[in-house]
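A.B. asks: Okay, here's the structure, questions in a sec.
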There are 4 protein chains.
Amino acid sequence: MAALDGLEQAVAEISAEMSGQTDRGKVADYIPQLGGVNPDQFGLAVVLADGRAICGGDADTAFSIQSISKVFTLTLALGKIGDSLWRRVGREPSGNPFNSIVQLEYEHGKPRNPFINAGALALADVILSGHRPREALGEILRFIRHVADDDGISIDQGVAISEQETGFRNAALANYMRSYAMLDNPVEFVLGVYFHHCAIAMSCRQLAMAARYLAFSGRHGPDGRTVISPERARRINAIMLTCGHYDGSGDFAFRVGIPGKSGVGGGILAVVPGRASVCVWSPGLDDNGNSRLGKIALERLSRRMGWSVFGA
Amino acid sequence: MAALDGLEQAVAEISAEMSGQTDRGKVADYIPQLGGVNPDQFGLAVVLADGRAICGGDADTAFSIQSISKVFTLTLALGKIGDSLWRRVGREPSGNPFNSIVQLEYEHGKPRNPFINAGALALADVILSGHRPREALGEILRFIRHVADDDGISIDQGVAISEQETGFRNAALANYMRSYAMLDNPVEFVLGVYFHHCAIAMSCRQLAMAARYLAFSGRHGPDGRTVISPERARRINAIMLTCGHYDGSGDFAFRVGIPGKSGVGGGILAVVPGRASVCVWSPGLDDNGNSRLGKIALERLSRRMGWSVFGA
Amino acid sequence: MAALDGLEQAVAEISAEMSGQTDRGKVADYIPQLGGVNPDQFGLAVVLADGRAICGGDADTAFSIQSISKVFTLTLALGKIGDSLWRRVGREPSGNPFNSIVQLEYEHGKPRNPFINAGALALADVILSGHRPREALGEILRFIRHVADDDGISIDQGVAISEQETGFRNAALANYMRSYAMLDNPVEFVLGVYFHHCAIAMSCRQLAMAARYLAFSGRHGPDGRTVISPERARRINAIMLTCGHYDGSGDFAFRVGIPGKSGVGGGILAVVPGRASVCVWSPGLDDNGNSRLGKIALERLSRRMGWSVFGA
Amino acid sequence: MAALDGLEQAVAEISAEMSGQTDRGKVADYIPQLGGVNPDQFGLAVVLADGRAICGGDADTAFSIQSISKVFTLTLALGKIGDSLWRRVGREPSGNPFNSIVQLEYEHGKPRNPFINAGALALADVILSGHRPREALGEILRFIRHVADDDGISIDQGVAISEQETGFRNAALANYMRSYAMLDNPVEFVLGVYFHHCAIAMSCRQLAMAARYLAFSGRHGPDGRTVISPERARRINAIMLTCGHYDGSGDFAFRVGIPGKSGVGGGILAVVPGRASVCVWSPGLDDNGNSRLGKIALERLSRRMGWSVFGA
């Protein structure tokens, strides 16, 4: 298959190119567990319609998925309450850094979209729906293990505890939303769920596998089991494209041209509708908090494969 | 051709459905020339790769293209100074209404993207580049007539003069940018060009024809003349998707799933990469200033034709 | 003494006038303990240089002093760390509601002045200085009992607990400041001290007695014991005048013309430098959260007595 | 007279102290006419109840009064339309720099107070009230000449023209207010009046003489002619204290403790109710745009003379 040959070559070459990069950005260091990660690592995994995974570099090294987890909690929250979710969180780009509290005040505690931190707290609140954090986290983990077809995925408790101990900004956001009655569950429950799902550890290969349902109309592959409806998959992809990279979402769409969601652990999950799910990882971040090499690698991959959703 | 039959039927049915809608939004009335437009009108035109136009409703009625013109001035400004344009204007969604001045203050006079009013003033300034307004407008008109293949397109002088007389908010934006040395030409020249290119009158058919270069990799059609490079076409489409509908851009991507640019005259220009360029028009606006029926019609068309860039 | 006769008559007449008012504002109701207070009450107490108290209405009824307590914690915090306090909190009017979090983000966690909620949290943090909340509260109570010459003053525990249970906005502010390393002590300690000192219950007479040191150059009276230096008393008065009534501070200066500090319990403490300390109380609030009748009463009293600091 | 001897000595000593200062701030240089002023100059003038002027340094050198003129236009605008002025402009401190446009957007074009630039444009609009700029300026000049008892006061046309040519920020503010229908007269008329009254040239002695009506209950002196009512004088003084120094108003009240109004020409006009009107001038500015030495000099004078309105 010519296309596949091209892809294997592209993945190999881009992985090699990235290993030679010297300007690798700055590793997130607000907790020791993230700050200690070796910045020289780079991984890339592409999963195709037939389920094959084309991998390069450190594609099997687990890392902290951080905000990438919001893609899965968004899917779960929509599964729980459907479109009534949009009464609790918007779906517009924010025009502000990921953890800004300014917008919350002007819009009375309703987060602009599900991918800024405040929005993800709203998702955690929906998933809790009166239960204990342990149960909500169990549900999130079960879902991710299911879509990734991998029961070995788990939470890095050290990361979770560290985030909880230093997460004052997120505690501010949660208390603020609660002051507007925009959270139903206790603030510490919501924060507990949030900090723990951000601390899930996965490899590029696992994440690319997990995201197949977004690339293939809601199914694990063209002939796979159904996870969500095709329309819901399209809509999640749309939100990833407009809001997936905080205040750098416009630039990602401009350069890479496919839906994606980044995390401060250095991972970026990306979706090529109808063709592939992709995950790239490199720990160093750019000024917007997105993986510096990850974005460059995806830009090259998208251009070489003609994968932009905006035209050939 | 089955696909084409499906499209002709879709255009006809959607046009019929829209004529029966009673909640048609609110016609922009800040100048008499716009306020007097009959809200019962609706037009739809789709231009395919082979140049054929499938039309419905009032597809040949000229209307004020308003902010849709920014797609063409963006193309021209990029043609003049290339990527150095991005030193003068950003490409991130704004998270604010189209005419907000708040963001300009926080970002020292650099507009967030080329489609908010401040950004379009920056484009007009680039196109002026030391010349007189008349010459800049001549260049804009020539470009639009060229891509639309129609020499009959012209400026509605009544609209232009009315906008100029009441355009205090835009005058504030231009003066504000000038105070940060973000405009090179006299404020009144920049405003003159801006008000006049917004006052160009075109029909749905003319606009859909004009936008072929965005749908077909920078060319007038798969075998047509080259207008811009394929990469530039992709990038303009990306900006349309993330920023094309002001504070409703996220919702448009969520519902319709294709790049588009709206204007307060009630038009929406949309691009289906590799397949079609589309224009819809209905004068009544929703709360975000986008055509109410236009958006509904495009949502239905995109769903029926499977045109979302975010998946089947 | 003619002046004193005039004052006694003014206090009596104004108290009578206020009892007849029908538009009494809206009692704060965010916790039951405040919402249940009878809005028909009105008290006024004026303490003169010789220590005599001229009282009217319900001047001996205890009420929740709320933000008036910030005057005393400011005095204590200045006593602890002197002018280095101004590295942790500003002294400019905020131009925002008392509990806005927007300003904190733009100024990186440093509150604009000590009388907005965020500023008062900074004061509580300074007073804690590594100790337990119980000790900090003991110090605050001892100071207030000392300046008021009254050992019967205490905290209303019901109010304190209720505030703590519903104080999400203040918890957001405290966590937010902590995220900028602008608090040294645990967030829950700072909040505990804050909620409890706001829940102190005092009467108009007690408060007017307590504030003598601000009216009389830092002493309990012209010949009384020294509490603070004359310069510090002037400076606290200056901050009361520019920042004492949240977003209504300018209007209070305009209408009443003397330094004052209001609380949502309906009290206003006011200072006439060299002449008198004053406290007025009526539970109903205006739109800015200041006692509606309290402000009217002070405006009348200031005008009748010629007490404005801005001229005869 | 002991007090007077003390004042003469204070004025002489402070003037001498200021001549030795090396850190004199930064002269405003946005127009050449201001940037070229010699920063080594310092003047001080105090006018007492009996009309005597105690002067030091360059008290008779004319300088550009700039925003100090807003005190006089506020007096005139109140004279024209009385308290209905407060429907067009607020009287709260702004919490923003003097030329911020952000607040205008959040408050729909109504300036926070008459001393920020937007507020002063509202005053100019009131004074115009349908007339030509020349007539409005004539009225302003006549008023200032009258209260200063000096027919030689005039506008520096070079300064006025330069300000007009570079005043894009003010043009933005005026257009913005007009877009909210908060200006009745043509934008260019309002700007013309504003730029010209800011360009009036006066000396410290002339300004101190002109401000007697604010110090002495609305009259030229205890026995002088009446200019405004005592209440209006008190109220203008109150606004000067809370809003007179832009984002440094709180600090001025804290340090100096008397009402004042600064201008970027380096002048500060100050009022000691019942005792004196004062003007100080030194061209170098601090970070808030207020005269650096002028503020220091006033702080020393106020402390030495016991002039703070906040206590002895």
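The values are calculated or read from the model by the stated rules, or taken from the named source; none is laboratory data. Note that the structure is a prediction, hence the values are computed from the model and not measured. Here the Cβ is made from the backbone with ideal geometry for all residues, glycine too, and neighbour counts use every protein chain on show.
A.B. asks: Within 14 Å of another protein chain (Cβ to nearest Cβ) and under 17 Å from the mean Cα position of the chain (by Cα), is that true of B:Arg205?
C.D. replies: Numbers: within 14 Å of another protein chain (Cβ to nearest Cβ): no; under 17 Å from the mean Cα position of the chain (by Cα): yes.
No, not satisfied.
A.B. asks: Same structure again: Can you list residue pairs whose Cβ atoms sit under 7 Å apart, with the first residue in segment C:174-186 being over 14 Å from A:Ala171 (Cα atoms) and assigned by TED's automatic domain parsing to the domain that holds C:Lys110 and the second being assigned to a helix (DSSP H, G or I) and among the charged types (D, E, K, R)? Count only pairs 6 or more apart in sequence or on different chains.
C.D. replies: Filtered contacts from segment C:174-186: C:Leu183/C:Asp125; C:Asp184/C:Asp125; C:Asn185/C:Asp125.
A.B. asks: A follow-up question, please. Collect the residues in segment B:74-91 that are over 25 Å from A:Asp247 (Cα atoms) and either within 18 Å of the chain's Cα centre (by Cα) or in the same structural domain as B:Ser262 (by TED's automatic domain parsing) (or both), keeping them in residue-number order.
C.D. replies: B:Leu76, B:Gly79
Residues checked against (1) away from chain A (no Cβ under 11 Å); (2) part of a helix (DSSP H, G or I):
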{"position": "B:Pro222", "(1), (2)": "no, no"}
{"position": "B:Arg235", "(1), (2)": "no, yes"}
{"position": "B:Ala238", "(1), (2)": "no, yes"}
{"position": "B:Ser249", "(1), (2)": "no, yes"}
{"position": "B:Phe252", "(1), (2)": "no, yes"}
{"position": "B:Val264", "(1), (2)": "yes, no"}
{"position": "B:Ala270", "(1), (2)": "yes, no"}
{"position": "B:Ile296", "(1), (2)": "yes, yes"}
{"position": "B:Phe310", "(1), (2)": "no, no"}
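A.B. asks: Then there is this: Checking B:Ser129 against (1) under 24 Å from B:Ala270 (Cβ atoms); (2) among the small types (Gly, Ala, Ser); (3) not assigned by TED's automatic domain parsing to the domain that holds B:Asp29, which test does it fail?
C.D. replies: (1)
A.B. asks: Looking only at segment A:86-105, count every residue that is more than 10 Å from chain B (Cβ to nearest Cβ), at pLDDT 90 or above and part of a loop (DSSP other than H, G, I, E, B) and tell me the total.
C.D. replies: The total comes to 2.
A.B. asks: Condition check: more than 14 Å from chain B (Cβ to nearest Cβ), under 27 Å from D:Ala53 (Cβ atoms) and either in a helix (DSSP H, G or I) or within 17 Å of the chain's Cα centre (by Cα) (or both). Does D:Arg134 satisfy that? Let's see the steps before the verdict.
C.D. replies: On the way: more than 14 Å from chain B (Cβ to nearest Cβ): yes; under 27 Å from D:Ala53 (Cβ atoms): no; either in a helix (DSSP H, G or I) or within 17 Å of the chain's Cα centre (by Cα) (or both): yes.
Criteria not met by D:Arg134.
A.B. asks: Can you go through D:Gly266, D:Gly248 and tell me which one is of a type in the set (Gly, Ala, Ser) and either in the same structural domain as D:Asp149 (by TED's automatic domain parsing) or surrounded by fewer than 24 Cβ atoms within 10 Å (Cβ to Cβ) (or both)? Before the answer, list the steps.
C.D. replies: Values: D:Gly266 fails: either in the same structural domain as D:Asp149 (by TED's automatic domain parsing) or surrounded by fewer than 24 Cβ atoms within 10 Å (Cβ to Cβ) (or both).
Within the list D:Gly266, D:Gly248, the selection yields D:Gly248.
A.B. asks: I would also like to ask the following. Determine if segment C:111-129 includes at least one residue that is within 14 Å of chain A (Cβ to nearest Cβ), within 14 Å of C:Asn185 (Cβ to Cβ), of a type in the set (A, V, I, L, M) and touching a residue at least 60 places away in the same chain (Cβ under 8 Å).
C.D. replies: yes
A.B. asks: Among the numbered criteria (1) free of Cβ contacts under 8 Å to residues at least 40 places away in the same chain; (2) more than 18 Å from D:Asp156 (Cα to Cα), which one does D:Asp23 miss?
C.D. replies: Of everything listed in (1) free of Cβ contacts under 8 Å to residues at least 40 places away in the same chain; (2) more than 18 Å from D:Asp156 (Cα to Cα), D:Asp23 misses just condition (1).
A.B. asks: Listed residues D:Gly289, D:Gly257, D:Gly311; which is surrounded by fewer than 24 Cβ atoms within 10 Å (Cβ to Cβ) and on the phi > 0 side of the Ramachandran plot? Let's see the steps before the verdict.
C.D. replies: Numbers: D:Gly257 fails: surrounded by fewer than 24 Cβ atoms within 10 Å (Cβ to Cβ); D:Gly311 fails: surrounded by fewer than 24 Cβ atoms within 10 Å (Cβ to Cβ).
Exactly one of D:Gly289, D:Gly257, D:Gly311 is surrounded by fewer than 24 Cβ atoms within 10 Å (Cβ to Cβ) and on the phi > 0 side of the Ramachandran plot, namely D:Gly289.
A.B. asks: Any chance segment C:7-30 includes a residue that's surrounded by fewer than 18 Cβ atoms within 10 Å (Cβ to Cβ) and of a type in the set (Phe, Trp, Tyr)?
C.D. replies: Step one: of segment C:7-30, the residues surrounded by fewer than 18 Cβ atoms within 10 Å (Cβ to Cβ) are C:8-9, C:12-13, C:16-17, C:19-23, C:26, C:29-30.
Subsequent filtering for residues that are of a type in the set (Phe, Trp, Tyr) retains C:30.
The answer is yes, given that some residue of segment C:7-30 is surrounded by fewer than 18 Cβ atoms within 10 Å (Cβ to Cβ) and of a type in the set (Phe, Trp, Tyr).
A.B. asks: Do we find that D:Arg88 is buried (at least 16 other Cβ atoms within 10 Å of the Cβ) and basic (Lys, Arg) in this structure? If you could, list the steps in order and put the result at the bottom.
C.D. replies: On the way: buried (at least 16 other Cβ atoms within 10 Å of the Cβ): yes; basic (Lys, Arg): yes.
In short, yes.
A.B. asks: Just to be sure I understand, how many residues within segment C:273-286 are under 26 Å from C:Gly51 (Cβ atoms), out of contact with any Leu (no Cβ under 9 Å at 6 or more places or on another chain) and surrounded by 24 or more Cβ atoms within 10 Å (Cβ to Cβ)?
C.D. replies: Of the residues in segment C:273-286, the ones under 26 Å from C:Gly51 (Cβ atoms) are C:273-282.
Pick out the ones that are also out of contact with any Leu (no Cβ under 9 Å at 6 or more places or on another chain) and you get C:274.
Narrowing the set further to residues that are surrounded by 24 or more Cβ atoms within 10 Å (Cβ to Cβ) leaves none.
The number of residues fulfilling the criteria is 0.
A.B. asks: Only one residue in A:Phe143, A:Phe115 is at pLDDT 95 or above and closer than 24 Å to B:Tyr106 by Cβ. Which one? Reasoning before the result, please.
C.D. replies: Numbers: A:Phe143 fails: closer than 24 Å to B:Tyr106 by Cβ.
Matching residue, one of A:Phe143, A:Phe115: A:Phe115.
A.B. asks: To continue, here is another question. Take the residues in segment D:1-23 that are touching a strand residue (DSSP E or B) at 6+ places or on another chain (Cβ under 8 Å) and at pLDDT below 95, then tell me which one is nearest to D:Arg52 (Cα to Cα).
C.D. replies: Per the stated criteria, the residue is D:Leu4.
A.B. asks: Moving on. I'd like to check something: does segment C:56-69 contain any residue that is β-branched (Val, Ile, Thr), closer than 16 Å to C:Arg304 by Cα and in a helix (DSSP H, G or I)? Spell out the reasoning first.
C.D. replies: Of all residues in segment C:56-69, those β-branched (Val, Ile, Thr) come to C:61, C:65, C:68.
Pick out the ones that are also closer than 16 Å to C:Arg304 by Cα and you get none.
There is no residue in segment C:56-69 that is β-branched (Val, Ile, Thr), closer than 16 Å to C:Arg304 by Cα and in a helix (DSSP H, G or I).
A.B. asks: Please give the number of the condition A:Ile144 fails out of (1) surrounded by 20 or more Cβ atoms within 10 Å (Cβ to Cβ); (2) in a helix (DSSP H, G or I); (3) out of contact with any strand residue (DSSP E or B) (no Cβ under 9 Å at 6 or more places or on another chain).
C.D. replies: The single condition A:Ile144 does not satisfy is (3).
A.B. asks: Okay, next question. On the basis of being within 30 Å of B:Ile101 (Cβ to Cβ), among the polar types (S, T, N, Q), crowded, with 18+ Cβ neighbours inside 10 Å and within 19 Å of the chain's Cα centre (by Cα), does A:Ser94 make the cut?
C.D. replies: Details: within 30 Å of B:Ile101 (Cβ to Cβ): yes; among the polar types (S, T, N, Q): yes; crowded, with 18+ Cβ neighbours inside 10 Å: yes; within 19 Å of the chain's Cα centre (by Cα): yes.
It is true that A:Ser94 is within 30 Å of B:Ile101 (Cβ to Cβ), among the polar types (S, T, N, Q), crowded, with 18+ Cβ neighbours inside 10 Å and within 19 Å of the chain's Cα centre (by Cα).
A.B. asks: Considering each residue of segment B:29-51, count those that are assigned to a loop (DSSP other than H, G, I, E, B) and in contact (Cβ under 8 Å) with a residue 24 or more places away in the chain, and give that number.
C.D. replies: Initially, segment B:29-51 is screened for residues assigned to a loop (DSSP other than H, G, I, E, B), giving B:29-31, B:36-42, B:49-51.
Remaining after also requiring in contact (Cβ under 8 Å) with a residue 24 or more places away in the chain: B:30-31, B:37-39, B:41-42, B:49-51.
Residues that pass the stated criteria total 10.
A.B. asks: Test C:Phe216 against the stated conditions and say whether it is over 24 Å from C:Gly119 (Cβ atoms), within 11 Å of chain D (Cβ to nearest Cβ) and either without any contact (Cβ under 8 Å) to a residue 60 or more places away in the chain or crowded, with 22+ Cβ neighbours inside 10 Å (or both). Break it down into steps so the answer makes sense when it comes.
C.D. replies: On the way: over 24 Å from C:Gly119 (Cβ atoms): yes; within 11 Å of chain D (Cβ to nearest Cβ): yes; either without any contact (Cβ under 8 Å) to a residue 60 or more places away in the chain or crowded, with 22+ Cβ neighbours inside 10 Å (or both): yes.
Spelling it out, C:Phe216 is indeed over 24 Å from C:Gly119 (Cβ atoms), within 11 Å of chain D (Cβ to nearest Cβ) and either without any contact (Cβ under 8 Å) to a residue 60 or more places away in the chain or crowded, with 22+ Cβ neighbours inside 10 Å (or both).
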